[in-house]
Amino acid sequence: MIQVKEKRDGKDFRIPPIVINKNEHVVIVGLGKSGLSAAKFCLQQGARVTVSDAARLDKLDPQRCRELERIGVFLESGGHSRELFETADLILVSPGVPLNTKMLIEARLRNIPVVGEMSLAAHYLRTPMLAVTGTNGKTTVTSLLGEIFAACGKKVFVGGNIGTPLTDYLAGPQEMDAVILEISSFQLDTAINLKPRVAVLLNITEDHLDRYESLQDYALSKFSIFKNQNKTDISIINADDDESRRYLENTTSLRHGWEVRSVLFYGKSGTFKKGAVLRVKKVKLVLDGTSQKEEIFNLAGTRLSESPNLENSAAAILASAVMGCDTEGIRKGLANFNPLAHRFELVAAIGGVAYVDDSKATNVGAVKSALDSVQGNIVLIAGGRDKGGDYSPMAKGIAQKVKALLLIGEAKERMAAAFHGLTKIEMVDSLEDAVFMARDMAVSGDTVLLSPACASFDMFESYAARGHCFADSVRKLTVLKKSL
């Protein structure tokens, strides 16, 4: 991870804000949605722009390629040439590009800045920023915050790792009341001088260990969202999250250069003086430490009343309140919100069996949360591309609740070894076959749960495509039942 704050002669030294100067050569690595947006923004600043992507031309999005040609940006495909990178004044990397790529390492050795789009915020963003990160729940919380702000009559831009790249907003008139960003660990790794007005850390569980050397490195990346905040900013942390609490208690880690002066917590314990306390289907908000200023948000009867959305709601309530949203507007936003697709989404109930799409659960922590949320027995469909994590945190839930575990994808052998002896395990060739097998195993009152704990890229182009396949397979069960 790029170190953005150093100690020189006992004083803090910050790298200056990233500025795109006229006629500078900016090389953008990766032609994803954010790469194309960054190219347009840099052109707007008067820079000379080149895009470089490791994929072959026939594997790239043809519409994006045509758009680059239209705006006059050269595209290098099929690899990264040393000659191109040596001519760069600045390199902007897309989030999915590993920072240990040879060309990027050599560029840093030549003192060429290697940054991501979030680094542009320090100089170009004129709107208050609320930033959300965490292993699980960040898309839900970011979207929920957008709903709450809208219900409070505020104009907001919602984007970052979700939906629209930040550079789309930076290129426009910036007329919103707030910018709400989902920020991944990959984006934080290249976020020079990022300084949110409010920063939220939801949780830290093992994820992306195919890219990070250890959980500690991954946690350090997540906590870097706070590193440039000062006493006028607010940090919000989940007090119930084991890894976040462990990091906070580690005084050695706290000397890595980031400082947090104004911290609010949310969680079940309520031992903190100010923050949001979780109750059964309710969230109690206390912002001045006195019972006279408590606000109760009753989520019973809404789609946010159960874990993990109860915790997600607490984070969103706290963050929106400190950003000036009124109580009634927050309540309206909570009532209006529909949880996002492929996140513990009920697809159908057939013969008393619930079929639940939790395809977004691409890591162990998300699956553990899903298992905790289900009452009754589970037929669990899991597997996909392994991400290098430890599967053992799922073991207790599998032993207690999972009557059968159906494994698909590249990780099925490793997962079968991890859960051997805990439940019945079947290896299955396809997701559709797993759904049909689950139908034969489940009885009324059971839940068939797709919660993979793995990435989708071995069999599908995205977790959404995997979720759609699951839903389509369940719909075939419905048609089959009607035809019998």
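Computed from the Cβ-Cβ distance with R0 of 30 Å, the FRET efficiency linking residue 105 to residue 164 stands at 0.45. The distance between label points at residue 69 and residue 349 comes to 5.4 nm (points 7 Å beyond Cα on the Cα→Cβ vector). Calculated mean residue ellipticity at 222 nm for the chain: -9500 deg cm²/dmol, from DSSP H runs with n ≥ 4 weighted as -39500 (n - 2.57), summed, divided by the residue count and rounded to 500. Sorting 152, 42 by the number of Cβ atoms found within 10 Å of their own Cβ, with the fewest placed first, yields 152, 42. Calculated FRET efficiency, residue 213 to residue 175, Cβ-Cβ distance, R0 = 56 Å: about 0.85 to the nearest 0.05. Once each of the GluC sites (Glu not before Pro) sitting in a DSSP loop with at most 12 other beta-carbon atoms within 10 Å is removed, the chain keeps 214-460 as its longest stretch.
Cβ-Cβ distance of residue 399 and residue 231, R₀ of 56 Å, FRET efficiency by 1/(1 + (r/R0)^6): the value works out to about 0.75. For segment 284-384, the list of trypsin sites (Lys or Arg not before Pro) that fall in a loop by DSSP and count at most 16 other C-beta atoms within 10 angstrom reads 303. Which lysines have a Cα lying under 21 Å from the Cα of residue 268, excluding residues fewer than 8 positions away in the same chain? List returned: 138, 281, 282, 284, 293, 368.
Ranked by how many other Cβ atoms sit within 10 Å of their own Cβ, fewest first, the residues 415, 323 fall in the order 323, 415. Multiplying the residue separation of residue 307 and residue 155 by 0.36 nm and removing their Cα-Cα distance gives an extension gain of 51.8 nm.
The stretch between residue 472 and residue 427, if pulled fully straight at 0.36 nm per residue, gains 14.1 nm over its current Cα-Cα span. Under the convention that each Lys and Arg Cβ holds +1 and each Asp and Glu Cβ holds -1, the size of the dipole of the chain around its Cα centre is about 1040 debye.
Taking the Cα centre of each part, how many Å lie between segment 128-200 and segment 448-473? A separation of 26 Å, based on Cα centres. The gain in end-to-end length when the residue 58 to residue 19 segment is fully stretched comes to 10.7 nm, 0.36 nm per residue minus the alpha carbon separation.
The dipole here belongs to segment 305-410: it is taken about the Cα centre, uses +1 on the Cβ of Lys and Arg and -1 on the Cβ of Asp and Glu, and is about 180 debye. Each Lys and Arg contributes +1 and each Asp and Glu -1, all at the Cβ; summed about the Cα centre of segment 22-115, the dipole is approximately 160 debye. Neighbour counts of C-beta atoms inside 10 Å place 327, 423, 205 in the sequence 327, 423, 205, starting with the fewest. Counting only cysteine Cβ atoms and a cutoff under 4.7 Å, the chain contains unmatched residues 42, 65, 454, 469.
Here, each number is a calculation from the coordinates, and none is a lab measurement. If you're wondering where the values come from, they're calculated on a predicted model, not measured in any experiment. Ideal geometry is used to build each Cβ from the backbone, glycine not excepted, and the neighbour counts take in all protein chains shown.
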